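A.B. asks: Starting off with a structure, shown below.
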Amino acid sequence: MARLDVTETFHGITFPGHLHTQDSLQSALRFPFQDTDILIVSYPKSGTTWMQEIVTLICNRGDPHVCQTVPNWTRAPWLEQHYCAMVLEKYPLNPRVITTHLPQHLLEPALQGSKAKVIYVSRNPKDVVVSYYHFCKMAKFFPDPGSFQDFLNQFLDGRSYYGSWFDHVKGWTRQTETMSNLLHITYEEMSLDPHCAVEKISAFLQRPLVEEELNSCLKHSSFSSMKNNTMVNCTLISPEIMDHSKGCFMRKGELGNWKSLFTDEQNQHFESVFSSRMQDCSLKFVWDVPHENRICNKEGNPN
Ligand code: PPS
């Protein structure tokens, strides 16, 4: 299944045809979730792979064996991608860890009444768009991204693959008010205080860890460990699909890397689109909170 030049449009959103078909997208909407499932949800480039690693490590009490021997797309397959059903059948997981980039409104019917635990990861959209831009240069299943200005315009207009960042974040975070089985965590929280973040995730999954296990989770989910882990750094993907000469999947792993690419004008325009598109979102994000100002309580929740 190459289909590198194919784009699937589904419910008005575009998806790379290399990984998605109309059937696979349709099946995702009818997916029979089990109450024991863990669903990782994110807009692309928001920390998906990092969360897959943390969840896998928590489920294995810090033991890195699975992380180091099973590719992330097998141990936490993307629900909407064509191989998902095959993977779930061939490699029974306990618990099942499933990943998705789909927007909330499309998955709502399938999740209705389910007690599956949902973890939503968001990230500063300026860092998302920069990470996404670099990724599109290396992933041959995306069209050439062209100039950063064009790519940014598409992102702000909601024309990117996987749809609008604004709709995605608003759709899923709105659910935090009503769904007790949904945890929203940001890439920034994970980066500024990984210990606190892993504690928070393990508490949410009701899989408490002793200090040694928690430290092992931290060690093996660090950027440097993951950059060298072939099970997550995309180097297993053939050069026909991903041009590794054009960059690394584990690229920078930084907060505020957008500053390397945005001009002042682009930043101002971004801010103005952001305030207008997010005015109906009551959520306060922690993107720019300095480390020394972040405090954790005993349960691992940020105060
Ligand atoms: S994807 O393609 O949607 O699955 O990408 P995703 O995994 O969501 O995002 C990739 C970015 O996450 C960074 N990353 C990390 N940052 C810090 N620590 C760890 N452990 C980590 N793992 C992945 C990765 O480097 C990409 O961000 P950028 O800014 O491009 O470096």
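The values are calculated or read from the model by the stated rules, or taken from the named source; none is laboratory data. Being a predicted model, the structure only gives us computed values, none of them experimental. When we count neighbours, we look across all protein chains shown, and the Cβ atoms used for this are built from the backbone with ideal geometry, even at glycine.
A.B. asks: How many residues does the stretch 243-258 contain that are closer than 20 Å to Glu189 by Cβ and in a helix (DSSP H, G or I)?
C.D. replies: Residues flagged as closer than 20 Å to Glu189 by Cβ and in a helix (DSSP H, G or I) within the stretch 243-258 amount to 2.
A.B. asks: Next question. Name the pairs whose Cβ atoms lie under 9 Å apart, with the first residue in the stretch 226-242 and within 11 Å of the ligand (Cβ to nearest atom), the second of a type in the set (Asp, Glu), and 6 or more positions between them or separate chains?
C.D. replies: What qualifies is Met226/Glu53; Asn229/Glu53; Val232/Glu53.
A.B. asks: So, Leu261, is that one modelled with pLDDT of 95 or more, within 16 Å of the ligand (Cβ to nearest atom) and exposed (fewer than 14 other Cβ atoms within 10 Å of the Cβ) or not?
C.D. replies: On the way: modelled with pLDDT of 95 or more: yes; within 16 Å of the ligand (Cβ to nearest atom): yes; exposed (fewer than 14 other Cβ atoms within 10 Å of the Cβ): no.
The answer is no for Leu261.
A.B. asks: Determine whether Cys281 is among the hydrophobic types (A, V, I, L, M, F, W, C), surrounded by 13 or more Cβ atoms within 10 Å (Cβ to Cβ) and closer than 20 Å to Tyr120 by Cα. Full working, then the answer.
C.D. replies: Values: among the hydrophobic types (A, V, I, L, M, F, W, C): yes; surrounded by 13 or more Cβ atoms within 10 Å (Cβ to Cβ): yes; closer than 20 Å to Tyr120 by Cα: yes.
Spelling it out, Cys281 is indeed among the hydrophobic types (A, V, I, L, M, F, W, C), surrounded by 13 or more Cβ atoms within 10 Å (Cβ to Cβ) and closer than 20 Å to Tyr120 by Cα.
A.B. asks: Which of the residues that make up the stretch 22-37 are crowded, with 19+ Cβ neighbours inside 10 Å and touching a helix residue (DSSP H, G or I) at 6+ places or on another chain (Cβ under 9 Å)?
C.D. replies: Matches in the stretch 22-37: Ser24, Leu25, Ala28, Phe31, Phe33.
A.B. asks: Restricting the stretch 73-95 to residues that are over 24 Å from Pro16 (Cβ atoms) and either among the charged types (D, E, K, R) or surrounded by fewer than 18 Cβ atoms within 10 Å (Cβ to Cβ) (or both), which is modelled with the highest pLDDT? It would help to see each step written out before you state the result.
C.D. replies: Filtering the stretch 73-95 down to residues over 24 Å from Pro16 (Cβ atoms) leaves 92-95.
Now narrow it down to the ones that are either among the charged types (D, E, K, R) or surrounded by fewer than 18 Cβ atoms within 10 Å (Cβ to Cβ) (or both): 92, 94-95.
Details: Pro92: 84, Asn94: 89, Pro95: 96.
So the residue we want is Pro95.
A.B. asks: Going by the structure shown, is Asp144 touching a helix residue (DSSP H, G or I) at 6+ places or on another chain (Cβ under 8 Å), surrounded by fewer than 20 Cβ atoms within 10 Å (Cβ to Cβ) and free of Cβ contacts under 8 Å to residues at least 12 places away in the same chain? Talk me through it step by step, then tell me what you get.
C.D. replies: On the way: touching a helix residue (DSSP H, G or I) at 6+ places or on another chain (Cβ under 8 Å): yes; surrounded by fewer than 20 Cβ atoms within 10 Å (Cβ to Cβ): yes; free of Cβ contacts under 8 Å to residues at least 12 places away in the same chain: yes.
It is true that Asp144 is touching a helix residue (DSSP H, G or I) at 6+ places or on another chain (Cβ under 8 Å), surrounded by fewer than 20 Cβ atoms within 10 Å (Cβ to Cβ) and free of Cβ contacts under 8 Å to residues at least 12 places away in the same chain.
A.B. asks: Where the second residue is at pLDDT below 95 and the first is within 21 Å of Arg159 (Cβ to Cβ) and lies in the stretch 88-115, which pairs have Cβ atoms under 7 Å and are six or more apart or on separate chains?
C.D. replies: The qualifying pairs are Gln104/Gln175.
A.B. asks: Identify, from the list Met250, Met231, Met242, Met226, the residue that is in contact with a His (Cβ under 9 Å, 6 or more places away or on another chain) and modelled with pLDDT of 95 or more.
C.D. replies: On the way: Met250 fails: in contact with a His (Cβ under 9 Å, 6 or more places away or on another chain); Met231 fails: in contact with a His (Cβ under 9 Å, 6 or more places away or on another chain); Met242 fails: in contact with a His (Cβ under 9 Å, 6 or more places away or on another chain).
Only one candidate passes the filter, namely Met226.
A.B. asks: Exactly one condition in (1) in contact (Cβ under 8 Å) with a residue 40 or more places away in the chain; (2) within 16 Å of the ligand (Cβ to nearest atom); (3) on the phi < 0 side of the Ramachandran plot; (4) not charged (D, E, K, R) is not met by Thr173; state its number.
C.D. replies: Only one criterion is unmet by Thr173, namely (2).
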